[in-house]
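Below is one structure, written out as structure tokens, with a few remarks after it.
The values are calculated or read from the model by the stated rules, or taken from the named source; none is laboratory data. Since this is a predicted model, take the numbers as computed values, not measurements. Glycine also receives a Cβ, built like all others from the backbone with ideal geometry; neighbour counts cover every protein chain displayed. Accessible surface is based on the protein model in full, side chains and every heavy atom, while ligands, DNA and RNA are left aside. Shrake-Rupley method; radii C 1.70, N 1.55, O 1.52, S 1.80 Å.
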Amino acid sequence: MEHRPADVPANRLLGSIAATGALILGSIRLILGRDHPIAIVLVDSDLVIHSVAGDRRFIERLDMAGMGEGRPAVEDAIGTNAIDLCLRERRPMVTSGWQHVSAALANTTIAAAPLFGLNTALHGAIALVSDASVGTDALSGLALLCAESASAQLSAVETSGNLDRMLVEQRAIIDSISDGLLVVDEDGRVRHMNAPAGRILTLNPEHSVGRRFAELLDFEPIIAPIFRTGIGYYDRELIIDSGRRHLHLIDTAVPIKDPQGKVHSVVNTFREFNRAKRIAQQIAGSPVRYTFDDIIGTSECLRHAIGDARKAALGTANILLNGPSGSGKEVFAQAIHAHGDRRDAPFIAVNCAALPRELIESELFGYVAGSFTGAQKGGRPGKFEMASGGTIFLDEITEMPLDLQAKLLRVLQEREVTRIGATRPIPVDVRVIAASNRNLKDAIARREFRDDLYYRLHVVSIAIPALKDRKGDIPMLATHFLRKYAANAGKPVFTISEGALRSMAEYEWPGNVRELENTLERLVVLSDGTEIQRFDPPGDARPPTASQAAPLPLKSLREHERDVIAATLNHVDHNVTKAAEILGIARPTLYSKIREYEIALQRGGVGGRS
């Protein structure tokens, strides 16, 4: 096929489609999501690229791959591609990934459809190009929709008689999206406003078109400076408080420019923050893997704890879980969430001891743009906002600094949060489940925990028993963990001897269920057979024989503490996180003591992870 520059009439027809394509591009971005780059490519009937519109960086990447304006889209130039195929076959085509011979296009997907005018005259093709992670069906469907709309536009321009129908079709496409969309021209007049935009802004779209945008609102339009600067923005959080409107939006504004760079209009798309937040919650929420059926054991103390938790799950009161480290407090928290009315809402887990002191407030309550050095440009919602409608689990609550305890108390009382740097509070509907491995009343007596916060959290208190208090559950737990880790390791199902079970029952298990699980995983990995025949308590926990017993030398309390920390670190192969859990202290506290006692951490192997 011989390729030549398109003639003037064809250029004019494709030019009218290119102007409309910039408007449709915003809708396509909303459908595919912001994480996927997108470009619309128009090609004339001679396979010469007429125009490329879309994300700037992605356009630059396509240009480097040979898909720039004025360049041929033939197979000889850029390798096998859907644009060349669709014009040869006169039907929609898709190419993706390995189908592209060109290495520069190997990570892209191209969906192309032919553009037909009157009497099926072929005027060229329209293609959507994105990264290879986009499903071919989705991209092909959007390309076909664009081609049908563009072909209708071509016929209308050719006959000059179907303009009204074309506008109705375009309006139907724009109105079909659930986000607000409006177009404002350089004079500040509204050229188009879809129904969702009218609902969000409390305006009548039909009465608004043709009027100045600034006259319709009781606040300064955010997009006004774009006509001067030519710089748009994506996914900016906007909080607007005016006399008649209280808006919390995620806003995007794209300037439409002429070849000289002058802004002629701005396409503005926006969605309500709560709607965007629900989508983010589904992605950012902690996975809920456990229900009450996953809590293993039949001992009386465990059954009593499960019974109380089941009853508490059906209400909305705050819950305090108290139990030693490794006893399963987060398992209980997830089970309570999964059993209650909020099971379909987000579950957000926060370990108060794992967050640095200087970041915990911003993590919990969020911040606005420019509130401190290193803050994200557009601000960020906190964990309480992300958990709104669902449950927030505050583990190791006693590690929260006292000044933040006061702010947490206010959140629980007022049911609203104020981001760092903001003045306007944001309502939140959150159920709080807190957990601690320390005695909170002792912490109150030492002035390490606020008594008023304790009573606010202590509406329902559930004691999670230590493993040493329910040793009758050890055989059932051991069988469960052996099956689990044998399957993970691809080994036959393991059994455990009576002698090994007796040794396990005699051991105190300071790390509780977590230590038991880790121990059985290690035994499965290291075992050559299919039966665990013996269990030796680790390290200093092994009971001495009569010949080994000897009077212990007297030591100071500091020496004893150093020895216990060193022994625990040796037991867990210097894994600081596991050692802190067994010792029942926060990881930062353990690091402090390691430095204080000058204990050397061995980080050479896998066990040295912290």
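Of all residues in segment 247-267, those that are part of a strand (DSSP E or B) have Cβ atoms under 6 Å from Cβ atoms of residues that are crowded, with 19+ Cβ neighbours inside 10 Å and of a type in the set (D, E, K, R), 6 or more apart or on another chain, in ILE250/ARG271. Considering ARG191, ARG199, ARG236, the condition of being out of contact with any Phe, Trp or Tyr (no Cβ under 6 Å at 6 or more places or on another chain), open to solvent by 50 Å² or more (accessible area, probe 1.4 Å), outside any helix (DSSP H, G or I) and farther than 25 Å from ALA369 by Cβ is satisfied by ARG191 alone. Beta carbons closer than 6 Å, at least 6 apart along the sequence or on distinct chains, pair a first residue in segment 410-427 that is farther than 14 Å from SER388 by Cα and among the aliphatic types (A, V, I, L, M) with a second that is in a helix (DSSP H, G or I) and open to solvent by less than 90 Å² (accessible area, probe 1.4 Å) for ILE420/SER362.
May I ask you to say which residue of ALA138, ALA143, ALA150, ALA113 is buried (at least 16 other Cβ atoms within 10 Å of the Cβ) and either in a strand (DSSP E or B) or polar (S, T, N, Q) (or both)? Steps first, please.
On the way: ALA138 fails: either in a strand (DSSP E or B) or polar (S, T, N, Q) (or both); ALA143 fails: either in a strand (DSSP E or B) or polar (S, T, N, Q) (or both); ALA150 fails: either in a strand (DSSP E or B) or polar (S, T, N, Q) (or both).
The match here is ALA113.
The residue of segment 410-428 that is most open to solvent (accessible area, probe 1.4 Å), among those that are closer than 23 Å to ARG450 by Cα and outside any helix (DSSP H, G or I), is ARG415.
One residue stands out among those in segment 62-74 that are in a helix (DSSP H, G or I) and touching a residue at least 12 places away in the same chain (Cβ under 8 Å): the one that is least open to solvent (accessible area, probe 1.4 Å), which is LEU62. On the basis of being open to solvent by 40 Å² or more (accessible area, probe 1.4 Å) and either farther than 24 Å from VAL428 by Cβ or over 23 Å from the mean Cα position of the chain (by Cα) (or both), does ARG342 make the cut? Considered against the rule, which asks whether it is open to solvent by 40 Å² or more (accessible area, probe 1.4 Å) and either farther than 24 Å from VAL428 by Cβ or over 23 Å from the mean Cα position of the chain (by Cα) (or both), ARG342 comes out as no.
Please determine whether any residue of segment 382-389 is exposed (fewer than 15 other Cβ atoms within 10 Å of the Cβ) and among the polar types (S, T, N, Q). No, the conditions are met nowhere in segment 382-389. Of all residues in segment 560-610, those that are at pLDDT below 80, in contact with a Leu (Cβ under 9 Å, 6 or more places away or on another chain) and not in a helix (DSSP H, G or I) total 3.
A residue that is at pLDDT 90 or above and open to solvent by 20 Å² or more (accessible area, probe 1.4 Å) occurs nowhere in segment 365-376.
Scanning segment 495-544 for residues that are surrounded by 12 or more Cβ atoms within 10 Å (Cβ to Cβ), in a helix (DSSP H, G or I), modelled with pLDDT under 85 and not hydrophobic (A, V, I, L, M, F, W, C) yields a total of 1.
Looking at (1) over 28 Å from the mean Cα position of the chain (by Cα); (2) on the phi > 0 side of the Ramachandran plot, find the lone condition where GLY326 falls short. Every condition holds for GLY326 apart from (1).
Looking across segment 473-492 at every residue that is closer than 14 Å to THR298 by Cα and open to solvent by 70 Å² or more (accessible area, probe 1.4 Å), the one that is nearest to the chain's Cα centre (by Cα) is identified as HIS480. Against the conditions (1) open to solvent by 60 Å² or more (accessible area, probe 1.4 Å); (2) modelled with pLDDT of 90 or more; (3) within 30 Å of ASP403 (Cβ to Cβ), PHE449 satisfies every one except (1).
Do we have ASP403 as at pLDDT below 90 and of a type in the set (D, E, K, R) here?
Numbers: at pLDDT below 90: yes; of a type in the set (D, E, K, R): yes.
Taking the combined requirement at face value, the residue satisfies it.
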